[in-house]
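Down below is the structure, laid out as structure tokens.
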Amino acid sequence: MKRILVTGGAGFIGSCVVRRLVEAGNMVVTVDLLTYAGHAESLGTALDVPNHRFEHADIRDRRAVRRIMGLARPHAVIHLAAESHVDRSIDSPLEFVTTNVQGTVALLEAATDYWSGLGNTARRRFRFLHVSTDEVCGSLGSEGAFSESTPHRPNSPYAASKAASDHFARAWHRSFGLPVAISHCSNNYGPYQMPEKLVPVVILAALEGRPIPVYGDGENVRDWLFVEDHARALELILKKGMSGEVYNVGAEAEMTNIRLVRAICARMDTLLPESPHRPHADLIEFVADRPGHDRRYAIDSSRVRRELGWQPAVDLQEGLDLTVRWYLENRWWWRGIRDGGFEDRRRQGLRFG
Ligand SMILES: NC(=O)c1ccc[n+]([C@@H]2O[C@H](COP(=O)([O-])OP(=O)(O)OC[C@H]3O[C@@H](n4cnc5c(N)ncnc54)[C@H](O)[C@@H]3O)[C@@H](O)[C@H]2O)c1
């Protein structure tokens, strides 16, 4: 059993990571501010077991982060807490700077203080895994893929804030010796993703017969990664990854947005034969492009495959099928977010952990 501190554990990827680590018998402390994107409900049964504790806290709060580090006494930190939506970063970038940059630095400081006080073996084995994105590398042309040594060239305020946080994570390793590993992954999809992100947007609009918005000409290419495969890669990086190194994680599943949207619509046509909105692809509407919209991302993940033995278990067709089914079968979850039901429970003082 390991003791692991997970930040952002009530978010999309974080909740998947926490559910898996708890189920494997680790002692997990989740730190999450429960912003509009965080929902303790996403943690499922992990909320009710003795090997999980939920700490409602802001990673920008240095005192709180230090207190939790002392309480959790972790063997490892997986840092996922972030403002993560590119469109929101264009509308209000400052929150991205404070959480993604300042929050990361507060966490690195607290982790370094805690780690410095450990014995030699524990210090050597400790890991701070900073979870980042391929978006820090900017946009690709029609050929090539990002490698671990591709320079940072962020184009959106979100990507810029993540790039800055990568630099601080690296600097904490070089300047203070903290055993940091950094992961860059491509676009994730799967259960419990916020309804504002592309895959759920398409599913829910199709289900309800609303227009399905597609930015620009829909020819932007993303490399799609099923969230469980990503979580498994993070577990392997923690276990076998080297301190001071960067690991790219991607499923080599490139697809244009418009093809992805059409694939989801086709799944919905099959799964909902009685729907009055079939064929769902008729609901697609091209809308004005996002400013600075990166054209193509692709990730070379040969290093995690070769050195850590990782490979994706779920291909894109299967993953989309699982995801569409999950949204159809778990309406309580996205309705709880959309209709404010989870917020009401929170305001009523419902405690977790
Ligand atoms: N989703 C993707 O496709 C993707 C791809 C590459 C990298 N990433 C990275 O993975 C991480 C998780 O992404 P996600 O999609 O799960 O994001 P998400 O928006 O679903 O979850 C983010 C979580 O962080 C929490 N949080 C936000 N600000 C906080 C603060 N100040 N203090 C404490 N908690 C705070 C939120 O409440 C939420 O639970 C992020 O760092 C993101 O940059 C995501």
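Observations, loosely collected:
- Residue count, region 59-88 (criterion: more than 17 Å from the chain's Cα centre (by Cα) and open to solvent by 40 Å² or more (accessible area, probe 1.4 Å)): 10
- Scanning region 152-187 for residues that are in a loop (DSSP other than H, G, I, E, B) and without any contact (Cβ under 8 Å) to a residue 12 or more places away in the chain yields one hit, 177.
- Scanning region 200-238 for residues that are within 14 Å of the chain's Cα centre (by Cα) and either assigned to a loop (DSSP other than H, G, I, E, B) or of a type in the set (A, V, I, L, M) (or both) yields 225, 227, 231, 233, 234.
- Pair list, Cβ under 7 Å, 6 or more apart: region 99-128 residue of a type in the set (Asp, Glu), other residue at pLDDT 95 or above and crowded, with 23+ Cβ neighbours inside 10 Å: none
- Of all residues in region 293-312 being open to solvent by 40 Å² or more (accessible area, probe 1.4 Å) and of a type in the set (D, E, K, R), the one that is nearest to the chain's Cα centre (by Cα): 300
- Residue 148 meets the conditions (1) closer than 14 Å to residue 249 by Cα; (2) open to solvent by 40 Å² or more (accessible area, probe 1.4 Å); (3) in a strand (DSSP E or B); (4) of a type outside the set (A, V, I, L, M) in every case but one. The failed one is (3).
- Among the criteria (1) under 25 Å from residue 233 (Cα atoms); (2) surrounded by fewer than 24 Cβ atoms within 10 Å (Cβ to Cβ); (3) of a type outside the set (Asp, Glu), the one residue 156 does not fulfil is (1).
- Scanning region 30-41 for residues that are near the ligand (Cβ under 8 Å from one of its atoms) and open to solvent by less than 30 Å² (accessible area, probe 1.4 Å) yields 31, 32, 34, 37, 38, 39.
- Any hit, region 236-248, residues being of a type in the set (Val, Ile, Thr), in contact with a Leu (Cβ under 7 Å, 6 or more places away or on another chain), closer than 24 Å to residue 6 by Cβ and touching a residue at least 40 places away in the same chain (Cβ under 8 Å): yes
- If the condition is being within 28 Å of residue 291 (Cα to Cα) and either open to solvent by 30 Å² or more (accessible area, probe 1.4 Å) or of a type in the set (D, E, K, R) (or both), then region 210-236 contributes 210, 211, 213, 215, 217, 219, 222, 223.
- Residue list for region 46-76, restricted to those being away from the ligand (no atom under 13 Å from the Cβ) and outside any helix (DSSP H, G or I): 49, 50, 51, 52, 53, 73, 74, 75, 76
The values are calculated or read from the model by the stated rules, or taken from the named source; none is laboratory data. Here the structure is a predicted model, which is why all the values come from computation and not from measurement. For neighbour counting, all protein chains shown are included, and Cβ atoms are generated from backbone atoms with ideal geometry for every residue, glycine included. Accessible surface areas use protein heavy atoms only, side chains included; no ligands, DNA or RNA. Shrake-Rupley method; radii C 1.70, N 1.55, O 1.52, S 1.80 Å.
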